[in-house]
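What follows is a set of notes on a single structure, which appears directly below.
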Amino acid sequence: MSKRSNAANGIQKPVKEVVEEPTQDKQVRLLNDVNPGHFSLVRAYHLADLITLMNGFCGVMSIQFAMRYCLGSPLDHGNLYTSLVLMPLGLFFDFFDGKVARWRKKSSLMGAELDSLADLISFGVAPSMAAFAIGMRTGLDQLLLTIFVLSGLARLARFNVTTGNIPKDANGKAKYFEGLPIPTSLTIAGLMGFWVSRGWLHADIPYGTLLQGTLLEFHPMVLLFVAHGCCMVSKTLHVPKP
């Protein structure tokens with residue numbers, strides 16, 4: 001007597017579907033693990049995150065070289081030049097980390113936060129410290145330079161929470177920047193580099209000082225930082241993305 005299959009009897013066993021759970025990102029797993037082990041934060045970094053840290057490294061080193069210039073001879077411009085050169089080097093890493101993240105298809109919330117913090121250091125704090133080093137050191141100068149840095153901070157915070165609301169093109173890329181991106185402060189850094197090459201420092205900063213001998217004494221050129229800060233926090237200024 002031959003054996004009949006269940007299919008021949010009209011009975012078919014249900015086939016269980018094997019549903020593969022999506023692989024959890026290593027960074028998410030390590031950051032949320034209760035006991036992730038030693039050096040979990042370092043192990044959680046993506047390659048793009050490490051490149052972003054190099055941007056922050058350039059910014060911090062730029063600040064320190066500006067301070068070294070303040071402690072040394074005003075005629076020795078080596079530390080000041082190094083401070084100014086490190087800023088565009090940070091911009092290189094700022095561009096490169098995004099390309100690496102897209103290439104490896106690895107992006108994360110921590111990477112976005114790292115990027116904003118590194119940008120604030122390299123393109124906000126570092127240029128203001130260079131301005132202080134070359135001679136913008138009155139009380140009002142310091143206040144206005146601080147306002148510039150805080151404008152950059154506010155601009156980056158707004159970008160992080162509203163980036164999803166900006167219209168996108170067919171490729172899903174934002175059509176424009178809302179307000180000037182903070183790396184555009186390198187135009188002022190380039191101008192300061194030109195002043196250094198011409199020896200226009202301290203008492204020789206272009207247009208000198210106004211209201212000398214008063215509490216409101218300041219260098220008119222510091223208003224470049226104020227104007228740039230206003231453009232960064234502007235909501236109506238739309239800069240097309242390249």
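The values are calculated or read from the model by the stated rules, or taken from the named source; none is laboratory data. Not measured: the values here are computed from a predicted model. Neighbour counts run over all protein chains shown; Cβ positions are idealised from the backbone, glycine included. Side chains are part of the model used for accessible areas, which takes the heavy atoms of the whole protein and leaves out ligands, DNA and RNA. Shrake-Rupley method; radii C 1.70, N 1.55, O 1.52, S 1.80 Å.
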Q) Taking segment 112-147 only, how many residues are in contact (Cβ under 8 Å) with a residue 12 or more places away in the chain and not in a helix (DSSP H, G or I)? A) 3
Q | Selection count where residues are surrounded by fewer than 19 Cβ atoms within 10 Å (Cβ to Cβ), modelled with pLDDT under 95 and touching a helix residue (DSSP H, G or I) at 6+ places or on another chain (Cβ under 8 Å), scope segment 138-176 | A | 4
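So which residues in segment 149-164 are closer than 13 Å to residue 230 by Cα and touching a Leu at 6+ places or on another chain (Cβ under 9 Å)? Walk me through it before giving the result.
We begin by selecting, within segment 149-164, every residue closer than 13 Å to residue 230 by Cα; these are 149-155.
Those that are closer than 13 Å to residue 230 by Cα and touching a Leu at 6+ places or on another chain (Cβ under 9 Å): 149, 152, 153, 155.
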(Q) Criterion first (in contact with a His (Cβ under 7 Å, 6 or more places away or on another chain) and surrounded by 23 or more Cβ atoms within 10 Å (Cβ to Cβ)) does residue 123 satisfy it? (A) no
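Looking only at residues in segment 212-225 that are in contact (Cβ under 8 Å) with a residue 40 or more places away in the chain and surrounded by 15 or more Cβ atoms within 10 Å (Cβ to Cβ), which one is farthest from residue 202 (Cα to Cα)? Even if it seems obvious, please write down each step before you answer.
Narrowing segment 212-225 to residues in contact (Cβ under 8 Å) with a residue 40 or more places away in the chain: 215-219, 221-223, 225.
Within this subset, residues satisfying the condition of being surrounded by 15 or more Cβ atoms within 10 Å (Cβ to Cβ) are 218-219, 221-222, 225.
Working: 218: 12, 219: 10, 221: 12, 222: 13, 225: 17 Å.
Among those that are in contact (Cβ under 8 Å) with a residue 40 or more places away in the chain and surrounded by 15 or more Cβ atoms within 10 Å (Cβ to Cβ), it is 225.
Filter segment 95-108 for residues that are open to solvent by 50 Å² or more (accessible area, probe 1.4 Å) and more than 14 Å from the chain's Cα centre (by Cα) and give the result. First the steps, then the outcome.
Within segment 95-108, the subset open to solvent by 50 Å² or more (accessible area, probe 1.4 Å) is 95-96, 99, 102-107.
Selection gives 99, 102, 103, 104, 105, 106, 107.
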Q: Could you tell me whether any residue of segment 56-78 is open to solvent by less than 20 Å² (accessible area, probe 1.4 Å) and either touching a strand residue (DSSP E or B) at 6+ places or on another chain (Cβ under 9 Å) or free of Cβ contacts under 8 Å to residues at least 60 places away in the same chain (or both)?
A: no
Q. Looking only at residues in segment 177-205 that are open to solvent by less than 30 Å² (accessible area, probe 1.4 Å) and not in a helix (DSSP H, G or I), which one is farthest from residue 80 (Cα to Cα)?
A. 178
Q. Does residue 91 count as open to solvent by 10 Å² or more (accessible area, probe 1.4 Å) and under 20 Å from residue 181 (Cβ atoms)?
A. yes
